[in-house]
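I have placed the structure first, in the form of structure tokens, so that the comments after it can refer back to it.
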Amino acid sequence: MKAIVMVLVAAACVAQAETIDVPRGQTRKVEPGRRFTGDVLVKTGAGELDLTGASLANAGLEIREGSVRLTGGGSCTVTTRFVQFKVSKTRPGKKGPPEYADSGSQFSEFHLYLGGKPVPFPEGARAIVGPVGSREGPDKGIDGNVKTKCYFNPLVVDLGREVAFDAYSFVTANDAIARDPASWTVSAGVADGSQVLWQEVGSVADFAAPKERFAEVGRTFPVSLRDVVPVNYPVKVCGKGRLVLADVNESLERVEGNGLIQLEHATVALPPKTTFAGSVCGGDVK
């Protein structure tokens, strides 16, 4: 999951709350990557507020009236400090030289993109898992030099600050085509004390990378989400409020109130510890 928010929804009455009012019959959609001020975002008015693509990491949500919509599945922009590229399967091939099947995964460079343009890694960005500093360590996957390679899995990068991206790609390494990534996941994360909490933002299965060496794979892979609510994210749906979840697969650990959760082609899990006393309609409830 992407984030953990240690804020109680009851704090909505304090000065740090940000209120967005949408009048009846109107719809307002926030811009992608939008962050909210204060500890709690309070939705008022009988209209609909579409938070799809907004950054929910730093503020809880209280829906006092009307509806709030969150949609997954489509391409989106992710803003995060931590990125993980984890390979689960490599290209089929022969064992031993020169293809080296079943001997791990490797690539030359991992790249981020925004709006079709490369996103440079910030100064100070660093790999934080694995034999950093070794000849083929994870730091070689972000050093900007296609003649070096990362022969380590997974690549976990601390960007040093939050960075926005909507796609990613990689460059093949110098040899061993059967070590080319074929199936993988990309995740974004935030720090929670000494650990990083991850949210999957992309996955690919059975991709055939170019057999040319030191080659950009020929395309970028878009970021998309089906898990859009951060772990332990506090949501209060009041009696006149409605939370609409479309094309998502969610676990709502900290939802409360007596309003309505409406599912559209969605699955939601409500753990036993939740105090939600409202109703859920549509989709699948676990």
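The values are calculated or read from the model by the stated rules, or taken from the named source; none is laboratory data. What you see is a predicted model; the values in this text were computed from it and never measured. Every residue, glycine among them, receives a Cβ derived from its backbone with ideal geometry; neighbour counts consider all protein chains shown. Ligands, DNA and RNA are stripped out before the accessible areas are found, and what is left, the full protein with its side chains, is counted by its heavy atoms. Shrake-Rupley method; radii C 1.70, N 1.55, O 1.52, S 1.80 Å.
Here are the numbers for this structure:
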read-out	value
Candidates Asp158, Asp192, Asp227, ranked by Gaussian network fluctuation over the chain, Cα under 10 Å, top entry	Asp192
Carbon/sulfur fraction of accessible area - region 145-212, other protein chains in place, 1.4 Å, %	49 percent
17 Å Cα-Cα reach of Lys43 towards lysines, excluding residues that sit fewer than 8 places from it in its own chain	Lys29, Lys236, Lys240
5 angstrom amide H check on Ser55, placed H, neighbours 5+ away	Gly33, Arg34, Arg35
Rg over Rh, two decimals, region 43-130 (C-alpha only, Kirkwood Rh)	1.16
Share, in percent, of DSSP beta bridges within the chain that are antiparallel, nearest 5	50 percent
Antiparallel DSSP beta bridges within region 204-265, as percent of all bridges there, nearest 5	0 percent
Sparse-neighbour loop sites [trypsin sites (Lys or Arg not before Pro); region 183-284; at most 11 other C-beta within 10 Å; DSSP]	Lys211, Arg219, Lys273
Longest exposed-site-free window of the chain, the sites being GluC sites (Glu not before Pro) in a DSSP loop that have at most 11 other C-beta atoms within 10 Å	1-122
Highest-MSF residue in the chain out of Val228, Val129, Val40 [GNM, Cα springs under 10 Å]	Val129
5 angstrom amide H check on Glu253, placed H, neighbours 5+ away	Asn232, Tyr233
Highest-fluctuation residue, Ser134, Ser169, Ser88 considered, GNM on the chain with Cα pairs under 10 Å	Ser134
Accessible surface, the chain, averaged per residue in Å² (probe 1.4 Å)	45 Å²
Chymotrypsin sites (Phe, Trp or Tyr not before Pro) restricted to DSSP loop in region 183-286 with at most 16 other C-beta within 10 Å	Phe207, Phe214
HN-Hα J in Hz across region 138-154 - Karplus 6.51, -1.76, 1.60, θ = phi - 60°, x for Gly and Pro	x, 5, 6, x, 9, 8, x, 10, 5, 7, 9, 8, 9, 10, 7, 9, x
Karplus-derived HN-Hα couplings along region 245-261 (A = 6.51, B = -1.76, C = 1.60, θ = phi - 60°), whole Hz, x at Gly and Pro	10, 10, 6, 10, 10, 10, 10, 9, 6, 10, 9, 9, x, 10, x, 10, 10
Whole-Hz ³J(HN,Hα) from phi, Karplus 6.51 cos²θ - 1.76 cosθ + 1.60, for region 38-53, glycine and proline x	x, 9, 9, 9, 9, 9, 10, x, 8, x, 10, 10, 9, 9, 4, x
